[in-house]
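The values are calculated or read from the model by the stated rules, or taken from the named source; none is laboratory data. Worth saying up front: this structure is predicted, and the values here are computed from it rather than measured. Using ideal geometry, Cβ is built from the backbone for each residue, glycine included, and neighbour counts are taken over all protein chains shown. These area figures cover heavy atoms from the full protein model, side chains too; ligands, DNA and RNA do not enter into them. Shrake-Rupley method; radii C 1.70, N 1.55, O 1.52, S 1.80 Å.
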Amino acid sequence: YPPATYRGVSATNADTLYSGAWLDLSEPQVFTHPEINNRFFTFELVDLWMIVKDSVGTNTSGEKAMTYLFTGPNWQGEVPDGMTHLSFPTQYMMVLGRTYALNTPEDLAKVHALQAQYKVMPLSAYGKPYTFKAPPVNADPGFSMTEGPQSAILALGTEGYFNLLTRLMAGPAPVPAEDAPMLARMATLGIVPGQPCGMGTLHPAVQAAL
């Protein structure tokens, strides 16, 4: 259980244990969980825009064991039998699981045993022996990976911030179709997915404001 001093998130649950995973959907990923009887559990599924695309567990899919196929933008393929397909509009997504637990050694042991059965693997490895190997991490993504979010964003500067935005919108976080009107308004300011956004390209009124 989290202590009262925990500040990792603003309002952590006090009666569930968490299970989290960031997934790269450049290859489809398979997520499985066992049957879980008489115990609340849920897996919140969030895209890179921090939109909850789905939530599976007690309140939606029930207690039975389930196998899900998560796919990214523009994926074309056949969904294997026995899998529930959930499509995501961004290359990356997060699985945020919560499993009810009593704060006793006996119940925590039961929940830990369930958590050990929560599995994620690439579709190409499904049904085969698989051991997770962490992929290489970009040592210089263009922003700090150690500073707090606000400090890291401010350190980008105005030009760096908008260049990062347009790069992400043209790559791992495509703009949803329903945001087309906003995208058109941004284009009038010189903010276009995939295009550098130097100060000189911004609308004169924006440059003056900055």
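Scan segment 148-173 for residues that are farther than 21 Å from M94 by Cβ and of a type outside the set (G, A, S) and jot them down. Give the derivation first.
Residues of segment 148-173 farther than 21 Å from M94 by Cβ: 151, 154-163, 166, 170.
Of everything in segment 148-173, those that are farther than 21 Å from M94 by Cβ and of a type outside the set (G, A, S) turn out to be L154, L156, T158, E159, Y161, F162, N163, T166.
Of the residues making up segment 56-67, those that are part of a strand (DSSP E or B) and either on the phi < 0 side of the Ramachandran plot or open to solvent by 70 Å² or more (accessible area, probe 1.4 Å) (or both) number 3.
Residue by residue, here is whether (1) assigned to a loop (DSSP other than H, G, I, E, B); (2) modelled with pLDDT under 90 holds:
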site	(1), (2)
R7	yes, yes
L17	no, no
E27	yes, no
I36	yes, no
E44	no, no
D54	no, no
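On the given criteria, is Y161 without any contact (Cβ under 8 Å) to a residue 60 or more places away in the chain, assigned to a helix (DSSP H, G or I), open to solvent by 50 Å² or more (accessible area, probe 1.4 Å) and not polar (S, T, N, Q)? The answer is yes for Y161.
Please specify each residue of segment 169-191 satisfying the condition of being buried (at least 17 other Cβ atoms within 10 Å of the Cβ) and without any contact (Cβ under 8 Å) to a residue 24 or more places away in the chain.
We begin by selecting, within segment 169-191, every residue buried (at least 17 other Cβ atoms within 10 Å of the Cβ); these are 169, 173-174, 186, 190-191.
Result: M186, G190.
Can you name the residue in segment 94-127 that is charged (D, E, K, R) and surrounded by fewer than 17 Cβ atoms within 10 Å (Cβ to Cβ) and, of all such residues, is farthest from the chain's Cα centre (by Cα)?
If we filter segment 94-127 for residues that are charged (D, E, K, R), which is where we start, we get 98, 106-107, 110, 119.
When the remaining residues are screened for being surrounded by fewer than 17 Cβ atoms within 10 Å (Cβ to Cβ), the result is 106-107, 110, 119.
On the way: E106: 32, D107: 29, K110: 27, K119: 16 Å.
Step by step, filter segment 94-127, then rank; the result is E106.
Does at least one position in segment 141-153 carry a residue that is of a type outside the set (V, I, T) and touching a Phe, Trp or Tyr at 6+ places or on another chain (Cβ under 8 Å)? Full working, then the answer.
Taking segment 141-153 as the starting set, the residues that turn out to be of a type outside the set (V, I, T) are 141-145, 147-152.
Narrowing the set further to residues that are touching a Phe, Trp or Tyr at 6+ places or on another chain (Cβ under 8 Å) leaves 152.
Scanning segment 141-153 turns up at least one residue that is of a type outside the set (V, I, T) and touching a Phe, Trp or Tyr at 6+ places or on another chain (Cβ under 8 Å).
Within segment 157-210, track down each residue that is more than 22 Å from the chain's Cα centre (by Cα) and β-branched (V, I, T). Spell out the reasoning first.
Taking segment 157-210 first, the residues more than 22 Å from the chain's Cα centre (by Cα) are 157-160, 180-192, 195-210.
Correct list: T158, T188, I191, V192, T201, V206.
Any chance segment 41-55 includes a residue that's over 15 Å from the mean Cα position of the chain (by Cα), aliphatic (A, V, I, L, M) and surrounded by fewer than 16 Cβ atoms within 10 Å (Cβ to Cβ)? Looking through segment 41-55, none of the residues is over 15 Å from the mean Cα position of the chain (by Cα), aliphatic (A, V, I, L, M) and surrounded by fewer than 16 Cβ atoms within 10 Å (Cβ to Cβ).
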